[in-house]
Structure formats: structure tokens, C-alpha cells
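Step one of this worksheet: look at the structure below.
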Amino acid sequence: MSIFTRTALAVIALVLMLAGCVQQSANVASSNTASNTAPPAPTPAPQVIKASVGDETAAPVTLPVLDAFFADEAFAADLKTKLQLTDEQIEKLRRVAREGTARLRETDADDYQGTTRAALSDATSQIKAVIGDEKTQQLASFLRERWGGASAGDKSEEAHTTSGKFNQVPTDTRIVVNSPAYRMDVFENGQLVKSYKVGIGYPEFPLPTGMRKAADIIFNPTWTPPDEPWVETANKVKPGQKIEAGDKLNPLGPIKIPIGLPSLIHGGKSPAKLGGFASHGCVGLTTPQVQDFARALARLSGTDLTDEQIVGYAKNPKETKDVKLARPVTVELRYETIVVEDGRLHIYRDVYDRDTNTEERLRAVLNSYGVTLEQLSEQERADALNALKEMSRDASGRSDSPAPAANSGSQASKGKDTGKAESEKKGANDMATSGKVTRAVKGRKEIVVEIASLKGKGYPTPVDLDTGSGKKASPATPAKGKRG
């Protein structure tokens, strides 16, 4: 994800890729020197900087995310002028963020010690130790403002999501990525024309939400590993070493598509990585997928990009080519764990632990389709509420809340179980000491509930789904409670 360059060109891409999602100029290398000063110790079960339930556009303030923002030279200056932080506070924040990033390691084993909540908790406690409670909240708001738009300074109407609406079907041309569903959809003039199964960011490097823009397709991108402890062990490369396009050690694959700070859509992933965690804050595709997507993106933008050109770029992997799109294409990043699709209620795992699988949220989604929870059959209601409980677990398998009763009121979902605070504390400590990213989801990822009154309603089902396997996805309906 991150090559923490100090150039304006790299800032456009802001590095949320410690191992793979790197956004930088092909000719610009960077290096970082990690401090030897130990960061402040986390406090027990701190109040995490995160959005309230329903606010999916809040920036997840993890230490690697903060570190990525410091790649922008203007960021430190803005902290001083807009948040009134002192030079000493800014440098301490920079050091804490750098060291938090340096602690992370890659591992081939399945580890469930770290979660987004743990990463947020760890970051909150350390940031508060430097700048205090009030400034910490101001910092969170500042990062949300910087991170929520299509690009830096983009405040257009199109660059913002519509608050309070669920499962919205676009009426324009855009790309929609829903992280918990591991799904990317291509809409053309309001019609879904293509779907892809994708990989998403690790919980410690969550894929952001909000409206972005795709304005370039970069063929054969190079990669310069950052100066991080994990680099040599995980990738067999040296920090600062320029990895040429086409090299098997280059994690970006043959194509990367910048979508605003700090993420990319890029290739190079194996089919096994799709439908799970696969990157440091980016949307991951296989090589055939990203080539197909580049072709679709060019067509949507009115850009002249032929199959012959794509094949030609692939034949010259050491030559980097930046194709500017004739018109930028909107990319909407969503985090929706409760999705209605033609009579089926899809409840996805809350992998980033944002407390979205609640009865309150379920009621709001149903109400948006003119259906109440009480109108469901007894079996439908029980299935839906039980699915909420099961899918409210974070990636490590920790439960957010007790099971709501089938005849419960909306308050049932608001209370957390008595062990949650201890779970949050343990998760933060685990993440801080293990230094490992969470590479897989423990347990089921999705439960599907048939709801008769929702027949014909909802977000469209996948169209021409590309699973990355090289085979066409079966049109058959997925089995109840299963994920393909």
C-alpha cells in the first residue's frame, strides 16, 4: 500500500499499500526512516475514533492511515494551521504513525488477532496521548473531510453519498464497490452491465468509503518498496529498490487505476484472494479481471483504448504507459452489510466492525422498501434476526451483540454484551503486540434470507459476474446461508 513518497505526484495517490497497493510515479522512489522511540502504550479499552452507527463515510483513523496522510507535505502544515497543533505535537504524531506502520508484518499463517476495531482503538489511545481528547476528535473530522471526496478539493454534489438511503441503484454511469460483499459493479446510464468479485483491504487497512474518481489507467506500473521491516521477509526485495513492471515481485500486476487518495484498483491477485482480505486499502483483481475492467472503464469514459493496445502493453511489461481517460468515471465505495436483492435479504459479515448489523439498521433498510419487521412471517423474522447476530461478528469471530429475540423491539439491538469492552481491549492489545495483519475472516461471510414481501425489490443481482476463476459464474441462486 504505501510508498511514502514526499513528492506531490505521489500525494495524488497517497499510498495505502504497504505490500501491494502502491500509488506513485514510475520514476520516483522513496524511503522512510523509522524512529527507534517506542510509541506511548495503549490505554485500556479507549473510546475509539469511529463513526456512529449509520455513518459509513467516517475515515477509519488507524496509525497506517495517518502515516499515509503524512506522505503529503501539505498535511503537516494543515495540522498546524487548521487544528492549531504545535510542531512538537505534529512530529510526535508523525513518529507514532510511522512506528505503528513499522510494527506490522506479513505472515502466511491465518491470524485473527487484529481487527479494524483493534487498530482504531490502538490508534485512538496513542493519538490522545499526544494531542488530547478534543484535538483527537478534531483530527478525526479533519481526516474524514480530506478522505471523503472524489479527489482533493472536490466538493461537487456528485462527490458525496446520499445520507440515510440504502442499497441505492445509480441512475448514472459509475463504478460501485461494496466492501462487505466483495463485489464491484459497473453501471452504465443506470443499468448494471458487469459485476466482479474482488479482494478488499485488511481490517488494519480498511477500504475507505465515499465518492472517488478514476481518471487514469496505468499499464505496467513500477513499484518501490517502502523502508518497512516486513519488506524483505514478505516480498524478498530491498527498501528503495525499484521493482520493474512485469517483475513477479511487483504486487500491482499489469494495471493500476488510481481512485483518489489513498486507494487503487489494481491487478496481480490470485483467484484465491478474491472474496476476502487481499490488500492494504485497495480493490484487488486478478490480471484477466483488471484487463477486462480497464477495457470497460475506457468504454464508459469515451476513451479510445482497443483490445490490440491492451495486448500490446501486456507484451511490453517493462514500459509504463499512463492512459488518461477522456472523462473521469465516478467510483463509489460503499460499506453496506444489509442488502436487499430481488426478494432476498443478504446480510454480510461486518468485517470492519462498524456495528452496521443491528436491528435498528435492519428496520431502516426494510422501511426504505415499504416493509416493516412485524410484517414478516415469524420464520422470516427469526431468520433475519438470527442472521444479524451471526454476521455482527468481526473478522476474528468476536460477537458484537447478544441474539435479539424474534419478537423484540428496536431497542434490543442497541445494547452491547457485557464482554464487548473486554473484547475491544483484548483486540487492541493483540494488534499492538502481534504486529500482524488479519489475513482472513474466521467463519461465514454471508447469510441469505428469503423475504416474500421483498420480491422484485432491491439492488440488482450480479450481471455477467467475473469471479476471477476464468469460468462463468453459475446463474443459480446461492444456497441459503452460503456464500459462493
I want the local charge near residue 345. Using Cβ-Cβ distances under 9 Å, sum +1 for each Lys or Arg and -1 for each Asp or Glu among the other residues. -3
Modelled label-to-label distance, residue 77 and residue 314, 7 Å Cα→beta-carbon offset: nm? 4.4
Which ³J(HN,Hα) values, rounded to whole Hz and listed in residue order, are derived for segment 356-362 from phi using the Karplus coefficients 6.51, -1.76 and 1.60 in 6.51 cos²θ - 1.76 cosθ + 1.60 with θ = phi - 60°, glycine and proline given as x? 8, 8, 10, 4, 4, 5, 4
What does the net charge come to around residue 93 if you take all other residues with beta carbon closer than 13 Å to its beta carbon, with K and R at +1 and D and E at -1? +1
Excluding residue 186 itself, what net charge comes from residues whose Cβ is under 9 Å from its Cβ, given Lys and Arg +1 and Asp and Glu -1? 0
Taking the mean number of other Cβ atoms within 10 Å as a proxy for protection, how do you rank 317-328, 167-178, 341-352, 119-130 from highest to lowest? 119-130, 341-352, 167-178, 317-328
At 0.36 nm per residue, and after removing the present C-alpha to C-alpha distance, how many nm does the segment from residue 382 to residue 306 gain when stretched out fully? 22.2 nm
Prolate/oblate/rounded call for segment 159-334, Cα gyration tensor, a/c under 1.5 rounded: oblate
Set the bar at 25 Å for Cα to Cα. Now go through 236/256; 194/324; 242/269; 135/389 and name every pair that lies beyond it. 135/389
Which distance in nm do the two modelled labels at residue 272 and residue 248 give, with both placed 7 Å along the Cα-to-Cβ direction? 1.5
Can you give me the long-range amide H partners of residue 247? Hydrogens built in the peptide plane at 1.01 Å from N, cutoff under 5 Å, separation of 5 or more residues or another chain. none
For a label point 7 Å from the Cα of residue 452 along Cα→C-beta, name the residues of segment 348-379 whose backbone N is under 14 Å from it. 375-379
Sites residue 321 and residue 165, calculated FRET efficiency, Cβ-Cβ separation with R0 51 Å, nearest 0.05: 0.85
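Values in this text are rule-based calculations from the coordinates and carry no lab data. Worth saying up front: this structure is predicted, and the values here are computed from it rather than measured. Because the Cβ atoms are built from the backbone with ideal geometry, glycine has one as well, and the counts that use them run over all protein chains shown.
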